[in-house]
1. Condition first: assigned to a strand (DSSP E or B) and not β-branched (Val, Ile, Thr). Now tell me which residues in the stretch 33-50 satisfy that.
2. Can you pull out every residue in the stretch 106-116 that is crowded, with 24+ Cβ neighbours inside 10 Å and closer than 14 Å to VAL218 by Cβ?
3. Could you say whether any residue in the stretch 176-188 is in a helix (DSSP H, G or I), at pLDDT 95 or above and loosely packed, with under 14 Cβ neighbours inside 10 Å?
4. Could you tell me whether any residue of the stretch 8-18 is buried (at least 22 other Cβ atoms within 10 Å of the Cβ) and either hydrophobic (A, V, I, L, M, F, W, C) or at positive phi (or both)?
5. Give me the pairs: first residue in the stretch 43-67 and farther than 17 Å from ARG82 by Cα and at pLDDT 95 or above, second residue of a type in the set (Asp, Glu) and not in a helix (DSSP H, G or I), beta-carbon distance under 9 Å, and six or more apart or on different chains, which are they?
6. Could you list all residues from the stretch 76-91 that are surrounded by fewer than 22 Cβ atoms within 10 Å (Cβ to Cβ) and among the β-branched types (Val, Ile, Thr)?
7. Restricting the first residue to the stretch 1-22 and requiring it to be of a type in the set (S, T, N, Q), which pairs with a second residue that is buried (at least 18 other Cβ atoms within 10 Å of the Cβ) meet a Cβ separation below 6 Å and a spacing of at least six or different chains?
Amino acid sequence: MDTRFLGIADLVETPSVAVVVDVMRAFTVAARAFAQGAEKIVLAESLDEALALKARHPDWVALKDGPPAPGFDAVNSPGLLRSVDLGGRTVVQKTTAGTVGTLAVKEAPMVLCTSFVVAEATAQLLRTRARGRVTFVVTGEDGQADEDLACAQYIARRATGAGTDPAEFLRRAAGSRAATELTEGVRQGAHPDDVALCLELDRFPFAMVAAWEDPLMVLRPCTVPSPADDAPIRQTGRRGPGCGAPNT
């Protein structure tokens, strides 16, 4: 498997397989939302679009980066999200990095969104479905966020089936600028548990697949069986192309 690691601004062509990484905190939040029963996550291009979707669908849950704001139900914090009832609901997510990176590769045949909490499931899906070049989109800090790069590099190694000690990758993420800012309270809309929750390796047993469901980019969980399991890869939810994107 040929891999490359690019920032959002470095994307000059549509990749065949894109893995969008946002550890702190968009795709840790997304994974937790699915674990708490959310059916799907709509990735909004702007705050205005998120609010417009919420206005058209009052039962949807809208969340954003930063402090609470009128019209939004939650903020982009895995710790704070634990208190939100998401059973069977649609979430609208707008963040400064993760959702932007995903929309930048929306034309790719296969788009995965990931973080440490779904790392192994993502690697397993890549092993079974991805061929040729895989582009990891490192969303934070113009492609320099060490927590995102560490996660991307770890998943890339696991996708080859190699036995890889996660300790060094998690250490890098724990020492990253994002982790420091969250720990020191620099970032608003955070919970004291956020960093620890973002570093829970393989906390959830699914990958997350994003696909264009006209006119929206929608993220859904994808159950990936263990290597010894003969069950087919299965995407939960009622719509979308399924986890089994064509081998590329």
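1. Selection gives LYS40, LEU43.
2. Answer for the stretch 106-116, where residues must be crowded, with 24+ Cβ neighbours inside 10 Å and closer than 14 Å to VAL218 by Cβ: VAL111, LEU112, CYS113.
3. Among the residues of the stretch 176-188, at least one is in a helix (DSSP H, G or I), at pLDDT 95 or above and loosely packed, with under 14 Cβ neighbours inside 10 Å, which makes the answer yes.
4. Yes, that holds for at least one residue.
5. Final answer for the pair search is LYS54/ASP73.
6. VAL84, THR90
7. Final answer for the pair search is THR3/VAL134; THR3/ALA156; THR14/ALA108.
Here's the yes/no breakdown for (1) farther than 29 Å from GLY161 by Cβ; (2) in contact with a strand residue (DSSP E or B) (Cβ under 7 Å, 6 or more places away or on another chain); (3) assigned to a loop (DSSP other than H, G, I, E, B):
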site	(1), (2), (3)
PHE72	yes, yes, yes
VAL84	yes, yes, yes
THR96	yes, no, yes
GLY101	no, yes, no
ALA108	no, yes, yes
LEU112	no, yes, no
ALA119	no, no, no
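The values are calculated or read from the model by the stated rules, or taken from the named source; none is laboratory data. As the structure is a computational prediction, the values presented were derived from the model and not from experiment. Note that we place each Cβ from the backbone using ideal geometry, even for glycine, and neighbour counts take in every protein chain shown.
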